[in-house]
Amino acid sequence: MSSVLIIIGIVVVAAIAAVLIIAATRPDVFRVQRSTTIAAPADKIFPHLVDYQRWPAWSPYEKKDPAMKRTFSGPATGPGAIYEWDGDKNVGKGRIEVTEVLPNARLVFNLDMLKPFEAHNKGEFTLEPQGGGTRVTWAMYGPAPYFTKLMQVFCNMDRMVGGDFDKGLADLKAVSEK
């Protein structure tokens, strides 16, 4: 009986060590991005991105918790525009602040998650003319501390966040093509 427990203990320790080693080999940074082509000019799409008060029309996170508390501060658009939210377990609590705007071409913001866990990343929308429309890319990137690497052993962040980006871009496309 005791030899069975010893074998089980060795297997458990080896499994934990394997997970920790796999996590340690993950990259120190991450990037998730999705793109779509919208049949509209950039000047029709960009206002939906640069003005946080227009995000409920297309953002997948707004739909995950329609009852979340929202706060807007700073200028309405442009550098310094801030959007803070506090919601349920589906959206957590966080803050976005615009850091860079290239009208109708690029919007960069700091994305600070406070709950369910703390993370400090960058978000970015880029718009590029393509044929008769605009190619819109939504990206999130940042450092991958060890805890994030450990989570990535069990959760595919690209699939998880990327799915939300796909949904948001589809809704942005619908709103922009009206």
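Would you please name the residue that is farthest from HIS120 (Cα to Cα), looking only at residues in segment 14-42 that are in contact with a strand residue (DSSP E or B) (Cβ under 9 Å, 6 or more places away or on another chain) and surrounded by fewer than 15 Cβ atoms within 10 Å (Cβ to Cβ)? Checking each candidate, the answer is ALA39. Could you tell me whether ALA170 is touching a strand residue (DSSP E or B) at 6+ places or on another chain (Cβ under 9 Å), closer than 16 Å to THR36 by Cα and of a type in the set (A, V, I, L, M)? In short, yes. ARG54 passes every criterion in (1) surrounded by 18 or more Cβ atoms within 10 Å (Cβ to Cβ); (2) without any contact (Cβ under 8 Å) to a residue 40 or more places away in the chain; (3) closer than 23 Å to GLY162 by Cβ apart from (1). Residues of segment 130-150 that are over 9 Å from THR37 (Cα atoms), over 16 Å from the mean Cα position of the chain (by Cα) and of a type in the set (Ser, Thr, Tyr): TYR146 alone. The residues listed here are ALA119, ALA139; of these, the one that is modelled with pLDDT under 95 and surrounded by 15 or more Cβ atoms within 10 Å (Cβ to Cβ) is ALA119. In the condition set (1) in a loop (DSSP other than H, G, I, E, B); (2) more than 20 Å from THR148 (Cβ to Cβ); (3) among the charged types (D, E, K, R), LYS89 is compliant with all but (2). None of ARG31, ARG95, ARG26 is among the basic types (Lys, Arg), closer than 20 Å to VAL161 by Cα and at pLDDT below 90 except ARG26. Do we find a residue being loosely packed, with under 15 Cβ neighbours inside 10 Å, aromatic (Phe, Trp, Tyr) and in contact with a helix residue (DSSP H, G or I) (Cβ under 8 Å, 6 or more places away or on another chain) anywhere in segment 71-93? Yes, because at least one residue in segment 71-93 is loosely packed, with under 15 Cβ neighbours inside 10 Å, aromatic (Phe, Trp, Tyr) and in contact with a helix residue (DSSP H, G or I) (Cβ under 8 Å, 6 or more places away or on another chain).
Residue-level check: of (1) in a helix (DSSP H, G or I); (2) in contact (Cβ under 8 Å) with a residue 12 or more places away in the chain, THR99 misses just (1).
The values are calculated or read from the model by the stated rules, or taken from the named source; none is laboratory data. The structure displayed is predicted, hence computed values, not measured ones. Cβ sites come from the backbone with ideal geometry, for glycine too, and all protein chains shown count toward neighbours.
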